[in-house]
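Note sheet for the following structure.
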Amino acid sequence: MQCSKRELCCLGILASLLALVMPLVAQDTPVNPEGTQVATQETPAAAANSDALRKAAQNPVASLISVPIQDNFNTGIEPGYRTQSVLNIQPVIPLKASENWNLIIRWITPIIYQPLPAYSPAPQVGVSGLGDMQPTFLLSPSKPHKLIWGAGPIFQIPTATSQYTGQGKLAVGPNVVALAMPRSFVLGVLVNNIWSIAGSGSRTDVNQMLLQYFINYNMKKGWYLTSQPIVTANWNAASGSVWTVPFGGGVGRIMKLGFQPVNISVQAYGNAAYPSQGSTWGVRASFALLFPKLTKDQQKMMMEQKLKELNETPPPPAQKK
């Protein structure tokens, strides 16, 4: 199986990015699965040091807002062995709904490059644009337990700028997430199913499921191994094109870029089952900004640390006249 120049270039850029950021100053900080970092405004604050940041990243009721930016390269699309790119911007914002419940808002905005069918020697063309947004609202108990869970609705809004980058339907359905964190592991599953309720009458009705199980093994200095395949089923598709079932995983690291906590990962997946002319394998790269809430004392501590580093920085050498 050969890769196109475009795919090799994309993979080279991702590898270079990961290689550049890995040597930076890191903290011994385990990782939560994407989208499950939830918080209230009154939980103990986080992340003035590595131990507090670790607790915040693993605690679903810690005061931690995250902004993941995830790029998915889905390769092997026929005809022409093409590559689809889906860039997801998906901020996670936790709010306090009541004394006993948190409301976690996750809003996924996809930006898509979709290759169009073209047989050689015809020009290989594609369409770029906004996809259908998917806001999710999860209610979760504010007090942590061994089994952590959240449930609520997921919507699909027909915001796509092209018929090739969206389904043209308003859809809604239930969404559930459950996880546990035994020792160095984070284990869980997220599942939802949406049905179309309105939209263009010329477009196919939507009835599709998404299931993502995640297995994270946290190691020292912020490193972790992860497997987070996204299994999908399009119940309206023809027989043999219903399922997409990937297998694989990758590596990631939670660290600090200066004073900013970030979560960086790269994963690769091969599809054991996929629709006709669909993607055979893909790469997922993720960069997430983490924003733990700090107390006044922690803000003061970080400011003092910044001033100390500035004072310790040697002045630039004097230029000769």
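In this structure, is S85 touching a strand residue (DSSP E or B) at 6+ places or on another chain (Cβ under 6 Å), modelled with pLDDT of 90 or more and either over 21 Å from S286 (Cβ atoms) or not charged (D, E, K, R) (or both)? Spelling it out, S85 is indeed touching a strand residue (DSSP E or B) at 6+ places or on another chain (Cβ under 6 Å), modelled with pLDDT of 90 or more and either over 21 Å from S286 (Cβ atoms) or not charged (D, E, K, R) (or both).
Comparison of K296, K221 shows that the only residue that is more than 25 Å from Q84 (Cβ to Cβ) and in contact (Cβ under 8 Å) with a residue 12 or more places away in the chain is K221. What do you reckon, is K143 within 27 Å of N216 (Cα to Cα), surrounded by fewer than 16 Cβ atoms within 10 Å (Cβ to Cβ), among the basic types (K, R) and modelled with pLDDT under 90? Criteria met by K143. Among the candidates L307, L290, the residue that is open to solvent by 40 Å² or more (accessible area, probe 1.4 Å), more than 27 Å from L116 (Cα to Cα) and aliphatic (A, V, I, L, M) is uniquely L307. Among the conditions (1) modelled with pLDDT of 90 or more; (2) farther than 30 Å from R203 by Cβ, K296 misses just one, which is (1). Restricting the first residue to segment 148-177 and requiring it to be touching a residue at least 60 places away in the same chain (Cβ under 8 Å), which pairs with a second residue that is among the polar types (S, T, N, Q) and part of a loop (DSSP other than H, G, I, E, B) meet a Cβ separation below 7 Å and a spacing of at least six or different chains? Between residues of segment 148-177 that are touching a residue at least 60 places away in the same chain (Cβ under 8 Å) and residues that are among the polar types (S, T, N, Q) and part of a loop (DSSP other than H, G, I, E, B), the close pairs are V177/T36. Would you call I254 at pLDDT 90 or above and among the aliphatic types (A, V, I, L, M)? No. If the condition is being open to solvent by less than 40 Å² (accessible area, probe 1.4 Å) and either touching a Pro at 6+ places or on another chain (Cβ under 7 Å) or assigned to a loop (DSSP other than H, G, I, E, B) (or both), then segment 160-171 contributes A160, S162, T165, G166, G168, K169. Residue count for segment 88-105 satisfying the condition of being open to solvent by 20 Å² or more (accessible area, probe 1.4 Å), farther than 17 Å from R284 by Cβ and in contact with a strand residue (DSSP E or B) (Cβ under 7 Å, 6 or more places away or on another chain): 9. Filtering segment 194-217 to residues that are surrounded by fewer than 17 Cβ atoms within 10 Å (Cβ to Cβ) and touching a Pro at 6+ places or on another chain (Cβ under 8 Å) leaves S200, Y213.
Out of curiosity, is I157 out of contact with any Phe, Trp or Tyr (no Cβ under 8 Å at 6 or more places or on another chain) and of a type in the set (A, V, I, L, M)? It is true that I157 is out of contact with any Phe, Trp or Tyr (no Cβ under 8 Å at 6 or more places or on another chain) and of a type in the set (A, V, I, L, M). Count of segment 116-140 residues, restricted to those that are assigned to a strand (DSSP E or B), open to solvent by 20 Å² or more (accessible area, probe 1.4 Å) and among the β-branched types (V, I, T), is 1. Here segment 178-196 is the region considered, the condition is being touching a residue at least 60 places away in the same chain (Cβ under 8 Å) and part of a strand (DSSP E or B), and the residue that is farthest from N207 (Cα to Cα) is V186. Does any residue of segment 263-280 turn out to be at pLDDT below 90, within 30 Å of F185 (Cα to Cα) and under 21 Å from the mean Cα position of the chain (by Cα)? Scanning segment 263-280 turns up at least one residue that is at pLDDT below 90, within 30 Å of F185 (Cα to Cα) and under 21 Å from the mean Cα position of the chain (by Cα). Only one of the numbered conditions (1) open to solvent by 40 Å² or more (accessible area, probe 1.4 Å); (2) modelled with pLDDT of 95 or more; (3) among the basic types (K, R) is not met by K220, and that is (2). Residue by residue through segment 182-192, note down the ones that are surrounded by 19 or more Cβ atoms within 10 Å (Cβ to Cβ) and within 17 Å of P135 (Cα to Cα). Result: L190, N192.
The values are calculated or read from the model by the stated rules, or taken from the named source; none is laboratory data. This structure is a prediction, so every number in the text was calculated from the model and none was measured. Using ideal geometry, Cβ is built from the backbone for each residue, glycine included, and neighbour counts are taken over all protein chains shown. In case anyone asks, the SASA skips ligands and DNA or RNA and just uses the protein heavy atoms, side chains included. Shrake-Rupley method; radii C 1.70, N 1.55, O 1.52, S 1.80 Å.
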